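We did not get these values from a lab; they are worked out from the coordinates using the rules stated. Not measured: the values here are computed from a predicted model. Because the Cβ atoms are built from the backbone with ideal geometry, glycine has one as well, and the counts that use them run over all protein chains shown.
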Ligand code: 6R9
């Protein structure tokens, strides 16, 4: 991994809470004596009854036990709201920026408390109590956070369903967890368009398709009228109309479930990843503080959606547990135009910006236009999450958004890990574009080969974690067997991430992508991310996706999908140039067999490329595409099939 090193900015070094020595000392303690480390750091949140036990964990091939702070009691909502009232009642908890450039709101911790407590009392009227499941299908409005926190206050288990999911996907998730109540809005808004949330819920629950649901709470977000079913539906404002703002927070055991979040695996139905209260809160709050070097007056913006784990841990629970000001953005990075992100940064004087490579690349495709008309001087720290960030996007983010003065925290983690696992940390080490670098406290990553042998030194292999950390998921809702099978049975004694990684001569980690995306071409292992990274380094390429397809001679061939930057012609000439480019930039073994130009790539609504579909098209098996319900734009697929090259 011969890579450019970018030094941590000097100004940051003087003030950051960590430096190399302090990180190392804390890290060593966290892995050599996790009991004492977490006994101390578990105190960062407020416990009703202090814990006396800290770590009770075991990773076995067939038996897995994960308990943290077992005998402590607490409430997650109390930690995010009530405990700040003494010192921070007037501090802004949530800044809301609407889809419309002229809409914004500031919600103080006092107001947050009032809204959450009222809504919790409203849910009580609907019969919601400790242990019940509540589905939340909401746009990016403060009420989404109120709903999550109100559930936590009552000890009800929320299951947030991303607002881009279709009725079938809603019904599957609601039924899997047996939700009693669904919370939604009449309509969401994204990029100037309405999103028919209530209509989708109506379709999901129609004909008693979700028999567990006894109420649908509807937040009136826009003026759009929606059909009403008086048997189920209740307006949010009417529900809380006569509710008190006094609602005591339920006393929860550390290991009581806080939420379920469904995520896709490589096979089967979505998995209901289950997180519990104590360990998750400690881990979400601590990672948020250290990774972003949080300061009291910071304006912090995570541009994810609350429908994903990033929104749970780093828009809601982590920042609010830390008493931070967290910005919630309803819209999209390119509406009304590509300057939106930078304009929001200036408008709200954002200090920390945490976003995804897919958003960065979308803006990068427009050259420097995204930065036009903004200074972004308030920024101190940048973050990236969700997929490997290729060095070119890293560089663009660093220079064009961060003015070359803000370090990028390339945070590797997963729905299942609850919080950030491997990441650069402010002022700890120089940065290497595209490298997630170092484990967070308590995280013991390792690389193993396909037989499960641990690899030492400079190596590339399957990324596993050798011991438990507090934020880890405890099970899959209703299917502990699948939990053990999926994550612990592949490599004995380890949690298996499903990702590949490299470790370089400095001991730094670089995530190469899901191991199911790794190609084996003529016996050579090639990360699809590596080839994509090479391609997007070409000035004509806006985005690239690489998949394998069955090849008679080589085992797997390389099929490349390319979206060119605006104003470039996708010619045969360019195709040849790109093949040559990859050969020289990476290796002749990475020579693409096919390059298909396409105006777009099939993506989930969260922006992840659906490689499964691309693999099928590349393999000429487009008759069996499987589930395409999570596609943001299904028409992309039709055009890809029509113009496929491996006929
Ligand atoms: C937080 C989140 C998890 C998968 C994960 C990996 C990929 C996430 C990454 C990254 C490289 C990073 N991933 N962060 N790959 N570098 N910094 O995204 O959770 O939606 O469950 O996805 O995303 O492949 O296994 P989730």
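Listed values, structure above:
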quantity: Rg over Rh, two decimals, segment 4-62 (C-alpha only, Kirkwood Rh); calculated: 1.14
quantity: As computed over segment 274-330, the Cα convex hull volume per residue (Å³); calculated: 70
quantity: Whole-angstrom gap from segment 379-440 to segment 481-519, using each part's C-alpha centre; calculated: 19
quantity: For segment 335-425, share of DSSP beta bridges that run antiparallel, in % to the nearest 5; calculated: 10
quantity: On Cα atoms only, tilt of 142-154 relative to the major axis of the chain in degrees; calculated: 60
quantity: Beta bridges by DSSP in the chain, antiparallel share as percent, to the nearest 5; calculated: 60
quantity: Spin-label zone in segment 526-549 - amide nitrogen under 13 Å from a point set 7 Å from the Cα of residue 591 along the C-beta vector; calculated: none
quantity: Length released on extending from residue 207 to residue 86, taking residue separation times 0.36 nm less the Cα-Cα span; calculated: 38.7 nm
quantity: The chain - convex hull of alpha carbons, volume per residue in Å³; calculated: 148
quantity: Kirkwood Rh, angstrom, segment 44-161 [1 / mean 1/r, Cα pairs]; calculated: 16.3
quantity: Theoretical FRET efficiency, 1/(1+(r/R0)^6), r = Cβ-Cβ of residue 124 and residue 481, R0 25 Å, to 0.05; calculated: 0.15
quantity: Ellipsoid equivalent to segment 94-162 - semi-axes via the Cα gyration tensor, in Å; calculated: 24, 14, 8
quantity: FRET efficiency, 1/(1 + (r/R0)^6) with R0 41 Å, evaluated for residue 296 and residue 244 via beta carbons; calculated: 0.85
quantity: Label-point separation, residue 625 to residue 552 (7 Å along Cα→Cβ), nm; calculated: 2.9
quantity: Inter-label distance, nm, simple model (7 Å from Cα along the C-beta direction), residue 632/residue 101; calculated: 2.1
quantity: Which of 398, 300, 335 has the fewest Cβ neighbours within 10 Å, and the rest in rising order; calculated: 335, 398, 300
quantity: Rg(Cα) / (2.2 N^0.38 Å) computed for segment 538-647, rounded to two decimals; calculated: 1.05
quantity: Sorted by Cβ neighbour density within 10 Å, fewest at the top, the residues 207, 410, 305, 233; calculated: 207, 233, 305, 410
quantity: In degrees, nearest ten, helix 572-585 long axis to first principal axis of the chain (Cα); calculated: 80
quantity: For segment 171-247: span of alpha carbons on each principal axis (Å, largest first); calculated: 37, 28, 21
quantity: Label-point separation in nm, residue 375 to residue 11, each point 7 Å along Cα→Cβ; calculated: 1.1
quantity: Scattering profile of segment 166-316 at q = 0.11, 0.15, 0.17 Å⁻¹ [log10 I(q)/I(0), Debye over alpha-carbon scatterers]; calculated: -0.59, -1.08, -1.29
quantity: Likely footprinting exposure, 394, 236, fewest C-beta neighbours within 10 Å first; calculated: 236, 394
quantity: The chain, helix-only ellipticity at 222 nm - DSSP H runs n ≥ 4, -39,500 (n - 2.57), divided by all residues, nearest 500; calculated: -8000 deg cm²/dmol
quantity: Cα long-axis angle, helix 20-32 against the chain (0 to 90 degrees, to the nearest 10); calculated: 70
quantity: Extension gain, residue 568 back to residue 612 (0.36 nm per residue minus Cα-Cα distance, nm); calculated: 13.1 nm
